[in-house]
Amino acid sequence: MRRHAGWLEMVYHSITGMLGAGVLGLPAVFSHLGWAGGIIMLVFSLWVSWYTYLLLVWMHEVPDLDNKAGNGIRRLDRYDQLATYVLGPRKGRAVLLPFQLIVLLGVAITYTVVGGDSLRAFATFINPNLSMGRWSFYIIFGAVQLMLSLLPSFNELSMVSLLGAVMSVAYCIIAIVMSARVHPAKGTVNYAPEAVERTPVERAMGIFNAVTTVLFAYGGHNVALEIQATLPINAQHKSTVPRMEKGVHITFVVTALAYFLVAIVGFYAFGTGVADNVLLTFSHGPTSWVVAMADMFVVVHVAAAYQVYINPVFIMCEASLSRRTRFGTVNPIVQTLLRMSLVVGVTVVGLLIPFFGSLMGLFGAIAITPTTFLLPPLLWLLYKQPTKWGKEWLVNWFLVIITGIMGTLGTIGALYGIIKASSTYRIFAA
């Protein structure tokens, strides 16, 4: 592990991990929660995500029981190392690994959908008479990822993270500015959640899905410890925690500004008529080239981020295969076929369920919620063992219970949305 990064590098690594394409789905959340519910959910999720991220930061440096490092401090460089340190090797891997795999593959599937849709929007701007179906752009996006997946794994992600941070901030700014340019006449935009759901069941399912869609947007915790691991400890810096805390605060201020502005300004402009991806709501006009540019920014961002998320899956699968071979290595042909199979599988799933809003809700519920909102306070309780019924004990148990409930309800809502949308979806339709 190379430990030479500064806190500024840590900031853009964290922004890339946190500020993703999920922000584009936040205005649609207000369609189901309304003004009050949407703002309350954004504030609550911001506070919980900020706090749980700091919990991980505070658990990066732990007592070295075997004193292998020589200074009595052991650095936990990955989430799985923290889980095994607190829960033990077998239980730690069993608890965390399934969620990590779902996060990595779930984000790759979601990025295939948003990347394909954004690529289609850009191509339609270039040629308004384009007759290619939506499915074509998913296959094009998947083909690009197929080629990228055959390249060697990333050794240095600094430039990838910097590119991702720049792209994500850029399309957020465009979404905010373009939404602010829309001046809806009084009475022409509907802000009532009842406008998008016709029955009480649809209303409840929409709320459940919207809640975990917000949680999906705040999910950047899976790479928190890897980012902190790049900070050095030396004579000048006795601990990584102060620098990491500084970077985390800056990251969340930037993220909060982007999320609140995109969500509020986007919903104000379009009301319940806003699309799951706010950029797809803008109509053609003199400034449509700006929106097209934002669509391409999204494509570039998710194309790079896709590889960041899928590469750990490649590494895990290849490591598992290598343990089963005589020489402890994977044949290059087998490695290529494995990577191609994973990318093709992700693309096929994206083709089958290309519903951006429901996908964010589903993976937000079954993967992001456990790893981002539930496990950090649970691990903290088991590691620190605070006084029972004390403030720290109550706050963390409250988060474990409430986020567990939210994740369960969100799963139900997202599955309902996917089943409902699938009933009218045709893969090869235009």
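The values are calculated or read from the model by the stated rules, or taken from the named source; none is laboratory data. Keep in mind that what you see is a predicted model, and the values were worked out from it rather than measured. Cβ sites come from the backbone with ideal geometry, for glycine too, and all protein chains shown count toward neighbours. Just the protein is used for accessible areas: all its heavy atoms, side chains included, with ligands, DNA and RNA removed. Shrake-Rupley method; radii C 1.70, N 1.55, O 1.52, S 1.80 Å.
Things to note:
- Basic side chains Lys and Arg get +1 at the Cβ, acidic Asp and Glu get -1 at the Cβ, and with that the dipole of segment 288-430 about its Cα centre reaches some 400 debye.
- When the inverse distances between all different Cα atoms of segment 72-193 are averaged and flipped, the Kirkwood radius reads 19.1 angstrom.
- The relative contact order of the chain, computed from alpha carbon pairs under 8 Å that lie at least 6 residues apart in sequence, is 35 percent.
- Solvent-accessible area, 1.4 Å probe, carbon plus sulfur percent, for the chain: 68 percent
- Taken over the chain, lysine pairs spaced eight or more positions apart, or on distinct chains, with alpha carbons under 30 Å apart number 12.
- Sorted on the mean count of surrounding Cβ atoms within 10 Å across their residues, most packed first, peptides 139-148, 25-34 read 25-34, 139-148.
- On the principal axes of its alpha-carbon atoms, the chain has extents of 67, 56, 40 Å, going from largest to smallest.
- In nm, spacing of pseudo-spin labels at His249 and Lys388 (7 Å Cα→C-beta vector): 3.6 nm
- Phi to ³J(HN,Hα) by Karplus 6.51 cos²θ - 1.76 cosθ + 1.60 over segment 53-59, Hz, x for Gly, Pro: 5, 5, 4, 5, 4, 6, 9
- What you get for the chain, charging only the Cβ of Lys and Arg (+1) and of Asp and Glu (-1), is a dipole of about 660 debye around the Cα centre.
- Spin-label pair Ile419/Leu257, simplified geometry with 7 Å Cα→Cβ offset, distance in nm: 4.4 nm
- Peptide ranges 301-309, 341-349, 87-95 listed from the most packed, as the mean C-beta count within 10 angstrom indicates: 301-309, 341-349, 87-95
- Helical runs assigned H by DSSP (4 residues or longer) give the chain a calculated mean residue ellipticity at 222 nm of -23500 deg cm²/dmol, each run adding -39500 (n - 2.57) before division by the residue total.
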